[in-house]
Amino acid sequence: METALRRMSVEDFLAWDDGTDRRYELIDGEPVMMAPPRKWHRRILRNLSWLFAERLAAPWEAEPEAGIRLPHRSDRCYYVADIAVTAAPETGNDQWTDDPILIIEILSPETRHRDRRRKLPDYACLPSVLEIVLVSTDTRLVKVWRGLADGTWPVEGERYRDIVLFKSVEVTATLDEIYRGTAS
């Protein structure tokens, strides 16, 4: 078993095995353990996965637990997004999502801060990304950030409490559909 004391590249990280079934992301060259998803997180992920499977038109494909490479971070960061949507042709790569246009993170108490403060701005730096969506697990709230034509991103995302428009892939969903089976 290799220890994770040195800073890793994404390539090293993807080949690394800590000998357990724990899940990690790579942040600034260091593996960071991901907390196991809670029940509401899993249900929201399931609901969104089904919704996209039913409503996405070809060539779009939604990938749950999608690996996201961040080349602008000197090849030392690799995130696992809850869902990424792409239309990129298959390359034989099964470890990350090529050219995601929509990235969805489901906020858990353990990940909320990192998802908002770190991942959101990093995702906005990816040239292919048009929308970033954060879904709360403790209240019925979905926030959508859309990149503007000038390449900037608004500081505050649009808040949805009824129907959510995933504009980049022309899919709509009600919050009842997203939060089905949860306490929210």
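Pick from Thr152, Thr137, Thr91: which residue has the top mean-square fluctuation in a GNM of the chain where Cα pairs under 10 Å get a spring? For the chain, modelled as a Gaussian network with Cα springs under 10 Å, the answer is Thr91. Applying 1/(1 + (r/R0)^6) with r as the Cβ-Cβ distance of Glu170 and Leu148 and R0 = 22 angstrom yields a FRET efficiency of 0.75. In the elastic network of the chain, a GNM with C-alpha springs shorter than 10 Å, the most mobile of Asp82, Asp18, Asp99 is Asp18. Taken about its Cα centre, the stretch 1-79 carries a charge dipole of about 520 debye when Lys and Arg each add +1 at the Cβ and Asp and Glu each add -1 at the Cβ. Listed peptides 155-161, 105-111, 20-26 appear in the order 105-111, 20-26, 155-161 once ranked by packing, highest mean of other Cβ atoms within 10 Å at the front. Per-residue extension of 0.36 nm, minus the Cα-Cα distance of Arg7 and Glu65, leaves a gain of 18.5 nm for this segment.
Cross-link reach is defined here as a Cα-Cα straight distance under 18 Å, omitting same-chain residues fewer than 8 places apart; for Lys39 the aspartates and glutamates meeting it are Glu65, Asp82, Glu105, Glu110, Asp138, Asp176, Glu177. Just Leu51, Leu165, Leu148 to compare: in a GNM of the chain, with alpha carbon springs under 10 Å, which one fluctuates most? For the chain, modelled as a Gaussian network with Cα springs under 10 Å, the answer is Leu148.
A Förster distance of 30 Å, applied to the separation of the beta-carbon atoms of Ala88 and Thr20, puts the FRET efficiency at 0.45.
Classify the stretch 37-178 from the C-alpha gyration tensor, please: rounded if a/c falls under 1.5, else prolate or oblate depending on whether a/b exceeds b/c. Rounded shape, in that the Cα axes give a/c under 1.5. For the chain, the 222 nm mean residue ellipticity estimated from helices alone, with every DSSP H stretch of n ≥ 4 adding -39500 (n - 2.57) and the total spread over all residues, rounds to -4500 deg cm²/dmol.
Fully extending the segment from Arg38 to Asp138, taken as 0.36 nm per residue of separation minus the present Cα-Cα distance, adds 34.9 nm. With contacts taken as Cα pairs under 8 Å and at least 6 residues apart, the stretch 33-128 reaches a relative contact order of 24 percent. Simple spin-label estimate for Cys125 and Ile163 gives 3.7 nm between the two label positions (7 Å along the Cα-to-Cβ direction from each Cα). By other beta-carbon atoms within 10 Å, ranking Met34, Met8 with the fewest at the front produces Met34, Met8.
Bear in mind that the values in this text are calculations on the coordinates, not laboratory data. The structure displayed is predicted, hence computed values, not measured ones. Neighbour counts run over all protein chains shown; Cβ positions are idealised from the backbone, glycine included.
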